[in-house]
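Here's the structure, in structure tokens; my notes come after.
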């Protein structure tokens, strides 16, 4: 790792003779400006004043003797010199970040840091409790939690912005850059508001449920085989990503519940997520079980990156929390009469 940084630094030194080499801070400033194309936005992200960032980039360009950015009224963009410089700068910054991370790993869990990117469902039912338990056991640990969808969790892990993803893994298992570990598989159920027109029907079918807008996070491609055959109000298939986009795409379960409770839209959730509303009678589980509608989530992390003690501790807490969640879900399914279907019971026995 150290040799890798040194070789890149030597390349830059021979390529662009100057009085001094650019600092890591200057490289980070240039990277942020190239990505955001705005001195104002880059300064905000870097927690600098705009004049300070402007001076930093100007000093960097003066030391190299070439312009790195073209300044225009609508923003800044890299020059030809800047494009070459930034490609090498990115490699140096990533190598430095990995080097610092490896040194932190040697310090152990108590001095470690962690960034977790979680999908919508784990963010709601699992991650808050796991984070609380980990904070109580390891008060010196630093942690950043990011919430979104399973696609964002994958992207953040690949970009090294997150150490660990906790989300649906059905897409991640096909990416050679990633390692995945299954944690849990939980049934999701359609739900609606009390008094919904669907509750008056004698028999429910998927087309009938699909006649109403669905509120949920984006469905992974493993469900396309079922959903693509139904042209409905529920949502549409994205031909580029082969994912099903609900009519109301949301990443926060609380938002989905609010929309469902105050409209004729239909949502999908674990019973644990809507337990309070079921008890209050504001939401109702639809008497239709779709065995394909499941949360198959797990861990996502880079294949060529060392898993830190903090990450392993978080993963272990997740496994414990999922075991408790499984027990709770089974009890609620029995209570509300939506246990395994005949097909599912047969599958489990085989």
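FYI, it's all coordinate maths here, none of it is from the lab. Computed from a predicted structure; not experimentally measured. Every residue, glycine as well, gets a Cβ built from its backbone with ideal geometry; the counts of neighbours run over all protein chains shown.
Below are the figures for this structure:
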quantity: Overall Cα dimensions of region 198-286, principal axis frame, Å, largest first; calculated: 41, 31, 20
quantity: Difference of contour (0.36 nm per residue) and Cα-Cα distance, residue 50 to residue 303; calculated: 87.3 nm
quantity: Paired Rg and Dmax values of region 85-215, which use every Cα atom, in angstrom; calculated: 20.5, 67
quantity: Fewest-first ranking of 270, 21, using other Cβ atoms within 10 Å as the exposure measure; calculated: 21, 270
quantity: Theoretical ellipticity at 222 nm over the chain - DSSP helices of four or more residues, -39500 (n - 2.57) apiece, nearest 500; calculated: -14000 deg cm²/dmol
quantity: Distance (nanometres) between label positions extended 7 Å along Cα→Cβ at residue 335 and residue 79; calculated: 6.8 nm
quantity: Net lengthening on full extension, residue 222/residue 320 (0.36 nm per residue, minus Cα-Cα); calculated: 32.6 nm
quantity: Förster radius 22 Å - calculated FRET efficiency between residue 35 and residue 158, Cβ distance, rounded to 0.05; calculated: 0.90
quantity: Listed peptides 161-174, 299-312 by packing density, highest first (mean Cβ within 10 Å); calculated: 161-174, 299-312
quantity: Candidate values (i) 1.05; (ii) 1.22; (iii) 1.10, label of the one derived for Cα Rg over 2.2 N^0.38 Å; calculated: (ii)
quantity: Using alpha-carbon coordinates, inclination of helix 309-335 to the longest axis of the chain, degrees; calculated: 20 degrees
quantity: Listed residues 188, 33, 48, most fluctuating in the chain (Gaussian network, C-alpha, under 10 Å); calculated: 48
quantity: Computed label-point distance, nm, for sites residue 146 and residue 59 using a 7 Å Cα→Cβ extension; calculated: 2.9 nm
quantity: Antiparallel DSSP beta bridges within the chain, as percent of all bridges there, nearest 5; calculated: 70 percent
quantity: Potential extension, residue 200-residue 173 segment - 0.36 nm per residue separation minus Cα distance; calculated: 5.6 nm
quantity: Between helix 50-64 and the chain: long-axis angle, C-alpha atoms, 0 to 90°, nearest 10; calculated: 50 degrees
quantity: Angle in degrees between helix 2-15 and the longest Cα principal axis of the chain, rounded to the nearest 10; calculated: 50 degrees
quantity: Among 72, 146, 177, residue whose mean-square fluctuation peaks in a GNM of the chain (springs only between Cα atoms under 10 Å); calculated: 72
